[in-house]
1. Go through the range B:36-85 and report how many residues are within 17 Å of B:VAL139 (Cα to Cα) and assigned to a loop (DSSP other than H, G, I, E, B).
2. Looking at (1) within 13 Å of another protein chain (Cβ to nearest Cβ); (2) at pLDDT below 85; (3) farther than 17 Å from A:SER42 by Cα, find the lone condition where B:ARG203 falls short.
3. Can you name the residue in the range B:1-46 that is at pLDDT below 85 and among the hydrophobic types (A, V, I, L, M, F, W, C) and is also surrounded by the fewest Cβ atoms within 10 Å (Cβ to Cβ) among such residues?
4. Across the range B:18-31, what is the total count of residues that are assigned to a helix (DSSP H, G or I) and either of a type in the set (D, E, K, R) or over 16 Å from B:ALA64 (Cα atoms) (or both)?
5. Consider B:GLN187 against the criteria (1) out of contact with any Cys (no Cβ under 8 Å at 6 or more places or on another chain); (2) within 23 Å of A:ALA55 (Cβ to Cβ); (3) surrounded by 14 or more Cβ atoms within 10 Å (Cβ to Cβ): it satisfies all of them except one. Which criterion is unmet?
6. Does B:VAL193 count as in contact (Cβ under 8 Å) with a residue 60 or more places away in the chain, outside any loop (DSSP other than H, G, I, E, B) and under 24 Å from B:PRO33 (Cα atoms)?
7. Quick one: is B:ASP34 more than 10 Å from chain A (Cβ to nearest Cβ) and either free of Cβ contacts under 8 Å to residues at least 24 places away in the same chain or out of contact with any helix residue (DSSP H, G or I) (no Cβ under 6 Å at 6 or more places or on another chain) (or both)?
8. For the range B:165-182, name all the residues that are more than 11 Å from chain A (Cβ to nearest Cβ) and among the β-branched types (Val, Ile, Thr).
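The values are calculated or read from the model by the stated rules, or taken from the named source; none is laboratory data. None of the values given here were measured: they were computed from a predicted structure. All Cβ positions, glycine included, derive from the backbone under ideal geometry; neighbour counts span all protein chains shown.
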Amino acid sequence: MECRECDSIIHDFMRAQGADEELRTKAFDHIIRCARCEARFSNIRSLEKALRALAETMDSERSAAHLEPVLRAVFQQQKRARLRARSFASRVAIGMAASMLLSIGLVSWHPTFGPVRKPPIVVTPGQLPLADASNAQIPEPVAAPAPETPRHRKSRPRVAAQSRNTEEFVTAFYPLPYAESSNHTVSGEIVRVKLRGSALPGIGFPMALNGERASEQITADLIIGENGLPLAIRFVR
Amino acid sequence: MILRSHLTDEALVDLMRGGDEEAFISLYRRRQPDIHRYVLGMSNSRMMTEDVTQEVFVNLIHHADRFDPARGSVRSFLYGIARNCLLQHFERERPYVPYDGDIAENESSALRKAWRPDLTNPLAQLTTAELLDDLRQAVLTLPLKYREAVVLCDLQEMDYVDAAAVMRCPVGTVRSRLHRGRELLVQKLKSSVAAKDREVRKRACC
C-alpha cells in the first residue's frame with residue numbers, strides 16, 4: 001500500500017463502516033513501516049480522542065430543562081387549536097351534507113326540476129270526445145277546467161305547474177281533416193302551440209279569423225298522430 | 001398505562017399526533033440532548049442553542065404530520081429541522097467567530113505552566129481542558145460544510161448514512177467533508193500548539 005492510498009482510509013480506521021478488514025490490515029502494515037503515515041495516524045487518533053472528550057464536555061452542558069414548561073404550553077395551545085379546527089371542519093361538513101340532502105329533496109319533489117317524460121297519450125272517445133268542428137267557438141272558449149288525468153299531468157308538467165297559479169280554460173277537441181272521423185278516436189301526443197288566427201286553415205281547421213283577430217296569437221293543443229299530422233285541436237285560454 | 005420511555009421515537013410521534021402531551025415530553029427528554037449538543041457544536045452560542053432547540057421542538061409540535069418513517073428516523077428528522085433553523089440563524093446573524101490560535105493570558109494559567117508540548121505528537125495533549133477550548137474554537141472556524149460533518153460524525157457519533165440524511169448529500173460527500181474537516185482541524189491545532197511552544201520557550205529564555 002502507498003501513502004496516498006493510506007491517506008484515503010486513515011480517517012476511517014476507528015469506524016466500523018469506514019473500511020473493510022483486509023484494507024485496514026494493509027493500511028496498518030503500511031503505517032508501521034512509514035514514519036510519515038505513522039505521525040499522521042497518531043495525530044488523527046489524538047484528534048479523535050480530543051473530539052470525544054469535547055463531546056463529553058458538551059454533554060454536561062445540556063441546560064434546556066426550563067424549555068419544558070414552555071413547550072408544554074405550546075403543545076396544549078396547539079392541541080386546543082386542532083380541536084377547534086376539527087370541530088369547525090365537522091360543522092362545515094354536516095352543513096354541506098344537510099344542504100346537499102335538501103337540494104336533492106327539492107329537485108326530486110319539484111315537478112319542473114324532475115325528468116320530463118312524455119308517454120304517448122291515447123285519446124279515446126270516452127275520455128275526450130271529439131266535438132263537431134262546425135260548432136267551434138274560437139273567440140270565446142268554453143269556460144271549463146281542463147280535464148286533468150294523471151296521464152295529462154305527467155305529459156304536460158308545465159301546464160300543470162301553470163294551472164296552480166292561473167286557471168286555464170279549454171274547449172273540447174275538434175277533429176281535423178287528417179283524422180279518421182269514422183271511429184271518432186284519435187291517438188297521439190298532445191302538443192301545445194301558439195299560432196296566428198289566420199293560420200288555422202293551414203292545419204285543416206275549417207274556420208279562419210279575419211280582420212284584427214287574424215294576427216292574434218291563439219294558444220291551442222294539437223293531437224299529433226304517429227305520422228306527424230295534426231289530428232285534432234282544442235283552444236286554450 | 002403506557003410506559004412511554006420504552007416506546008420507540010416513531011411510536012411517540014404517533015402518540016403526540018393524537019394529542020398525547022406526555023409522549024411529546026418523553027421524546028423531548030430523549031432527543032433534546034442530541035439537538036442541544038449539535039447546535040452548540042455548530043454555533044458555540046448558548047443563546048442560539050436554546051433558541052434553536054426550542055424552535056426545533058415547537059416545529060415538531062406544529063408539523064409532526066410531516067414526519068414520514070419511510071424517509072428516515074425521528075432523530076434525522078429532528079436534526080434536519082435543527083439544521084434548517086441553524087442555517088436561518090446563521091443567515092440572519094452572520095456571526096463572526098474570532099480565532100487567533102492563542103489562549104487568553106488570564107485563562108488556565110496553571111495548565112499552561114504544566115503543559116509541555118510533545119514534539120513527536122503535538123496533538124497528544126489535546127484532551128486537557130485548555131486545549132479542548134482550542135479545539136472547540138477550531139471547530140467553529142471550520143467552513144460550515146466541514147464543521148457540519150465534524151459535528152455530526154465526530155461529536156454526535158452519527159454514522160455516515162444518518163449524517164448524509166441530515167446534510168442532504170451523498171454518503172461519499174459526508175465522508176470526504178469529514179476527512180477534509182479533520183485535516184483542517186489538525187492543521188489549525190498544530191499551528192496553535194506551535195505558537196504555544198514558542199511562547200513557552202520565550203518565557204523559559206526570559
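1. Taking the range B:36-85 and keeping what is within 17 Å of B:VAL139 (Cα to Cα), we get B:36-46, B:48-49, B:83.
Filter again for assigned to a loop (DSSP other than H, G, I, E, B), leaving B:44-45.
Number satisfying all stated conditions: 2.
2. Every condition holds for B:ARG203 apart from (1).
3. B:MET1
4. Step one: filter the range B:18-31 for residues assigned to a helix (DSSP H, G or I), giving B:21-31.
Now restrict to residues that are either of a type in the set (D, E, K, R) or over 16 Å from B:ALA64 (Cα atoms) (or both): B:21-22, B:29-31.
Total satisfying the criteria: 5.
5. That leaves (3) as the condition not met.
6. On the way: in contact (Cβ under 8 Å) with a residue 60 or more places away in the chain: yes; outside any loop (DSSP other than H, G, I, E, B): yes; under 24 Å from B:PRO33 (Cα atoms): no.
Against the criterion (in contact (Cβ under 8 Å) with a residue 60 or more places away in the chain, outside any loop (DSSP other than H, G, I, E, B) and under 24 Å from B:PRO33 (Cα atoms)), B:VAL193 does not qualify.
7. Details: more than 10 Å from chain A (Cβ to nearest Cβ): no; either free of Cβ contacts under 8 Å to residues at least 24 places away in the same chain or out of contact with any helix residue (DSSP H, G or I) (no Cβ under 6 Å at 6 or more places or on another chain) (or both): yes.
No.
8. B:VAL166, B:THR173, B:VAL174, listed by residue number.
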